[in-house]
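The values are calculated or read from the model by the stated rules, or taken from the named source; none is laboratory data. Keep in mind that what you see is a predicted model, and the values were worked out from it rather than measured. A quick note on method: Cβ atoms are made from the backbone with ideal geometry, for glycine too, and the neighbour counts reach across all protein chains shown.
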Amino acid sequence: MVLCFELITIISLMELIAVSQRESDAAEQIYRGASIERPGSGSDPIDEVGQTVVSMLQESAKNFDRTRSLLTELLAAQDRIAQLESQVRLFRDRATRAEGWLIVIQEEIEKRLINRN
């Protein structure tokens, strides 16, 4: 009797492992967008719900990939914006210094050439 119980327990565990493996394989297939073998193709509400959930999971996986791609693009754009802002500060500083030199040059021209008389 004990041996029979242990055998049933081992078989049950093996079935659980097989189910778990099938679920894992199905999840991987869903993520990759592959079609999976769907139980029942009738109009049973359970089949319809199951197919709807699988479709939603596939769409979710696609959206996740698109979101990751957009995030990568966003981070690249933020880096480029930071570079451009740095260049703007540099050119603004150079323009300010050039304006200062123009004032000095203008004063020198006025002092030495125009007001020479």
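Checked across the stretch 59-70, the condition of being free of Cβ contacts under 8 Å to residues at least 60 places away in the same chain and in contact with a Gly (Cβ under 9 Å, 6 or more places away or on another chain) holds for at least one residue.
In the stretch 83-101, the residues that are surrounded by fewer than 10 Cβ atoms within 10 Å (Cβ to Cβ) form no Cβ pair under 6 Å with any partner that is among the small types (G, A, S) and at pLDDT 95 or above, whether six or more places apart or across chains.
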